[in-house]
Amino acid sequence: MKETEPPVRIQPMQQSDIEQAMHLKNIEGWNQTKKDWEVLLRLSPKTCRAAVRGRQVIGTVTAITYSNELAWIGMMLVAEKYRRKGIGSLLVKDNIKRLKGFRNIKLDATPDGRNLYTRLGFEEECTLSRMAISSLAEQKITDSGKVTPLSPHDIQEIAYLDKAVFGADRTHLMAPILGTYPHRAWKLERDGRITAYCLGRDGIKQNQIGPVIASTDQDAQTILSAAMSPLAGQPVVMTFLRTRKNS
């Protein structure tokens, strides 16, 4: 008689699940590190979920919440062997139920996940372009503004600048990223005021630059040059957002 597989359970993700979650992520070639998972678990333990069969983690999903304004679903992964069996749908529906009351729920959709999200009622809002380089050229900063490392004392000022662009307060996310990767964080000041900032992270495959928020195109170019300058000769990846324009 064929042995029956144990049922799939959707349950809270634990610190001990990170190793298996990293394995799923690495198969997909994603850039996140163990530290990134740990930040997600600390910030939103109730919406970091795992699909488990027996003792095996076969799927994951997370969600970061920003006050009561916005929730962002991410890290939706299902092991290839278990795809097209409804597990991805279970994971996302589980998180949507936990995010009841939020006015906006958003996510980044890969081509493989797009059909699932469309069936669940998500609509395309904008497109993302991911650009990578295997060996970054040397950068020069030629701007008159003052570029210096970002410090924890700057969080409230950059949060104001960030919210005006992002649309919600994400101080609670920026603070641990800055604390974990201070060597990737920069600010640009003009007349004693921060006009641009940049965070970044180490990655499994590439150095990740972003988010980048700037008051002008010139400030964006300056802060990006500062962020890229220490990374000459190294692999770098950045993601750019393109908002859809109404016709």
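A compact table of results
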| read-out | value |
| --- | --- |
| Count of residues meeting criterion [at pLDDT 90 or above and under 22 Å from residue 231 (Cα atoms)] in the range 139-158 | 6 |
| Unmet criterion (only one of (1) of a type outside the set (A, V, I, L, M); (2) at pLDDT below 95; (3) farther than 18 Å from residue 180 by Cβ; (4) surrounded by 13 or more Cβ atoms within 10 Å (Cβ to Cβ)) for residue 44 | (3) |
| Residue check for residue 123: surrounded by fewer than 18 Cβ atoms within 10 Å (Cβ to Cβ), farther than 27 Å from residue 34 by Cβ, acidic (Asp, Glu) and without any contact (Cβ under 8 Å) to a residue 12 or more places away in the chain | yes |
| Failed condition for residue 148, given (1) without any contact (Cβ under 8 Å) to a residue 40 or more places away in the chain; (2) surrounded by fewer than 18 Cβ atoms within 10 Å (Cβ to Cβ); (3) not in a loop (DSSP other than H, G, I, E, B) | (1) |
| Matching residues, the range 101-141, being touching a Lys or Arg at 6+ places or on another chain (Cβ under 6 Å) and among the polar types (S, T, N, Q) | 127 |
| One residue from 141, 133 being in contact with a Ser or Thr (Cβ under 6 Å, 6 or more places away or on another chain), in contact (Cβ under 8 Å) with a residue 24 or more places away in the chain, among the β-branched types (Val, Ile, Thr) and within 30 Å of residue 233 (Cβ to Cβ) | 141 |
| Filtered residues of the range 157-188 (kept if under 24 Å from residue 125 (Cα atoms), small (Gly, Ala, Ser) and either surrounded by 15 or more Cβ atoms within 10 Å (Cβ to Cβ) or touching a residue at least 12 places away in the same chain (Cβ under 8 Å) (or both)) | 159, 167, 168 |
| Criterion violated by residue 199 - all others in (1) in a strand (DSSP E or B); (2) surrounded by fewer than 18 Cβ atoms within 10 Å (Cβ to Cβ); (3) not β-branched (Val, Ile, Thr) satisfied | (2) |
| Residue check, residue 10 modelled with pLDDT of 95 or more and in contact with a Phe, Trp or Tyr (Cβ under 6 Å, 6 or more places away or on another chain) | no |
| Hey, residue 51 surrounded by 17 or more Cβ atoms within 10 Å (Cβ to Cβ), in contact with a Ser or Thr (Cβ under 6 Å, 6 or more places away or on another chain) and assigned by TED's automatic domain parsing to the domain that holds residue 101 or not | no |
| Qualifying positions in the range 101-135 - basic (Lys, Arg) and within 18 Å of residue 168 (Cβ to Cβ) | 103, 106 |
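The values are calculated or read from the model by the stated rules, or taken from the named source; none is laboratory data. Everything quoted here is computed from the prediction, not taken from an experiment. Every residue, glycine among them, receives a Cβ derived from its backbone with ideal geometry; neighbour counts consider all protein chains shown.
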